[in-house]
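Values in this text are rule-based calculations from the coordinates and carry no lab data. Bear in mind the structure is a predicted one, so any value in this text is a computation, not a measurement. No Cβ is skipped: glycine too gets one built from the backbone with ideal geometry, and neighbour counts run over all protein chains shown.
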């Protein structure tokens, strides 16, 4: 397998785009990534789209071929990959394999979702399409309700406080203030979180990522050709994926996200590094509790220690273990299929030193964790400076 | 890249399955393929699902992880690939790459769609999600209307007769009589076709593939390990994909399906064989005209000669160029995401000599062609006996 590098990145601001179509958002992100790589004239051999629910949300399938057509490129391969909220991460993995295997050299990945044009119940219905159709959905189980159950159990077992939980949101909102692409660019306090309305006890509105529109894109090339496109290629040093039971209630211990743990183990092993050598992490904080649990399952903190780590500032941009400098799903926003790709865009900016006010100092290695369903499937990627 | 073989196949009957869910159908096909390969106890490293519109049709996303969970396997990778009506073909290509690259050894591919539980207008709406959202759909363009325009133009330019067109349907219905998995197992005459109701002039009901439920599955392994599973591995000798403009009106000549032509060129070149060395072909006859045009673009007949070829019996099971011995989309049925996988299942049966009354004599090499949109994207695969 060849080494593969990110040679161009782009994204739209996440948030509300009432006047723009899904394809339009994907086009903007694609153009920006191609320009970033100086590759507007380069033949693109494959287009991999990560998108969860273009059908349910926009009445649109066949998105990859349509995007290639509108972009005016003529790839050999165009396909959309769906892995619910990890569709972006999965599209990245499939494109990685296409380049690593030697099949193609120059491959475009675009993650995107358009959700805000629909009334919230309809958008929520599309999101709930990732729950178990027999074991969860008929009983009224939704993603926030699963997160609330997990939170309650975690608080009881490990003594996590409501305040520690709120601090995840406070940190991520603060980080997003320096991210011009973030959906929620507004500082909040612990009191703001605790006084926001209850979504699913004990979770409140500010514990939940918003419903966002947006797209993000990456251009991949073999490392040996990367300097044709950029002085600062970011190498995909190791990738890992793992699958768990769909229903949380069928897992041995719901407080350990085994898919995250296994995917991270595989990615780190393939990269030949330990988690202690990672300088910056983007993880899947669809709910505040998920940042805490994932940070433990990635091996950043011992199980049960994630809440204190946030309180002690370890996960802040200037902390020992910076998590979600972009603002994460919580504040950058969470256009489902775009998220996994946006994580890779952020890590690229961090490793290149282009992250402005949210720059993690001397970041040389990064890791992203994108999950699908309630962590029924996880994609973890280890990135490293290639120069 | 390693050589990759099909070591197990399975499918459900195509047709109406009112009491069964999409996942249920996929489970049956998966189990059958695993049993066929004697691999019920073998660790499955990846599950690739081909499905076009599980969201719009069944309110379900995250299908690959859900399927893996219900199947009781614990793969590293689970993902759904969407390429509209070529979702099955695209899932096969992505799984092929996973094995060819050396990443995984044993990979399951499942294509499926459940469509018949919805009223026809709603199913049609989901199918139309593959048309161009600005250039076609708002103007009332549907897949049958595009097929009708193509047919009219082809008849005018090449003198195709209505009778020749009807003979495609007559042949495919006849073939399906020997296929226990076919949706429409009923012999029809030219008169039946010509007296069926008009769908889009000059196309009639019997020119169109039916709306079907169903699933099909394949187990892939590296050729070097294939004999662990089967005495008759079928080698994926060459794969090819290509993309064209989405809108037929933006193509140089609508009567040539460039994506089919290019994908076939790539697949045959990688296989190192010419189209004349292919013994059996399964192609994408969503409408009768498509069998004729694709047969030309695959290189089986000169442009304009496809209609006469049908009339002369060249495409019959005992003809020189057998096409769609399974009954094709026309009579086997067309559960969108299942089709590309079902084509591979049929070619496997043909090469193994297990096709019963529809067996093509001494078939050693086969080819399948699965298209997406109105041939905006095509997947072509060349298969060969591996024993």
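Quick check: pseudo-label points 7 Å beyond the Cα along Cα→Cβ at residue A:189 and residue A:40, how many nm apart are they?
4.8
Nearest 10 degrees, 0 to 90: what angle lies between the long axis of helix A:336-352 and the longest principal axis of chain A (Cα atoms)?
Result, in degrees: 70.
Using only the alpha-carbon atoms, how far is helix A:258-271 inclined from the longest principal axis of chain A? Give it as 0 to 90 degrees, nearest 10.
40
Let me confirm one metric for peptide A:374-381, namely the mean number of other chain beta-carbon atoms within 10 Å of its residues' beta-carbons.
Mean partner-chain Cβ count within 10 Å for A:374-381: 2.
What is the spin-label model distance, in nm, from residue B:162 to residue A:228 if the labels are put 7 Å beyond Cα along the C-beta direction?
That separation, rounded to one decimal, is 5.5 nm.
Given a cut-off of under 8 Å on Cα pairs at least six residues apart, what relative contact order in percent is computed for segment A:7-149?
25
Cut-off is 10 Å between beta-carbons; in what order do A:346, B:191 appear when sorted fewest neighbours first?
Least to most surrounded, the residues fall as B:191, A:346.
Using a ≥ b ≥ c from the Cα gyration tensor of segment A:208-268 (square roots of the eigenvalues), is it rounded, prolate or oblate, where a/c under 1.5 gives rounded and otherwise the larger of a/b and b/c decides, a/b for prolate?
Judged from the Cα gyration tensor, segment A:208-268 comes out oblate (a/c at least 1.5, b/c at or above a/b).
Suppose a student asked you for the relative contact order of segment A:279-327, using Cα pairs under 8 Å spaced at least 6 residues apart; what percent would you report?
Reported as a whole number, the value is 41 percent.
Tell me, what are the semi-axes, in whole angstrom and largest first, of the equivalent ellipsoid of segment B:118-157 as set by the roots of 5 times the Cα gyration tensor eigenvalues?
22, 13, 6
Take chain A, connect every pair of alpha-carbon atoms lying under 10 Å apart with a spring to form a Gaussian network, then pick out the residue of A:62, A:172, A:370 with the largest mean-square fluctuation.
A:62
Could you tell me what percent of the DSSP beta bridges with both partners in the protein assembly as shown are antiparallel, to the nearest 5?
Of the beta bridges lying entirely in the protein assembly as shown, close to 70 percent run antiparallel.
Give me the angle, in degrees from 0 to 90, between the Cα long axis of helix A:87-100 and the longest principal axis of the Cα atoms of chain A, rounded to the nearest 10.
It is inclined by approximately 40 degrees.
Divide by every residue of the protein assembly as shown the summed helix terms, -39500 (n - 2.57) for each DSSP H run of at least 4, and state the resulting mean residue ellipticity at 222 nm, rounded to the nearest 500 deg cm²/dmol.
Computed ellipticity for the protein assembly as shown at 222 nm equals -11000 deg cm²/dmol.
Compute the separation of the alpha-carbon centres of segment B:169-211 and segment B:291-346 and state it in Å as a whole number.
One Cα centre to the other: 14 Å.
In terms of the Cα gyration tensor, with a ≥ b ≥ c the square roots of its eigenvalues, is segment A:245-360 rounded because a/c is under 1.5, prolate because a/b exceeds b/c, or oblate?
Rounded, because the longest to shortest axis ratio a/c is under 1.5.
Can you give me the relative contact order of chain B as a percent, contacts being Cα pairs under 8 Å and 6 or more apart?
Taking the mean separation of contacting Cα pairs over the length of chain B, I get 26 percent.
Which residues among segment B:102-118 fall inside the zone where the amide N is under 14 Å from a point 7 Å beyond the Cα of residue B:2, along Cα→Cβ?
Only B:102-108 fall inside the zone, counting backbone N under 14 Å.
Among A:298-311, B:115-128, what's the highest-first ranking by average C-beta atoms within 10 angstrom per residue?
Those peptides, ordered most packed to least, come out A:298-311, B:115-128.
Answer rounded, prolate or oblate for the protein assembly as shown, using the Cα gyration tensor with square roots of eigenvalues a ≥ b ≥ c: rounded when a/c is under 1.5, else prolate when a/b is larger than b/c, else oblate.
Prolate.
Nearest 0.05, what FRET efficiency do residue B:277 and residue B:24 give at R0 = 41 Å with Cβ-Cβ as r?
0.55
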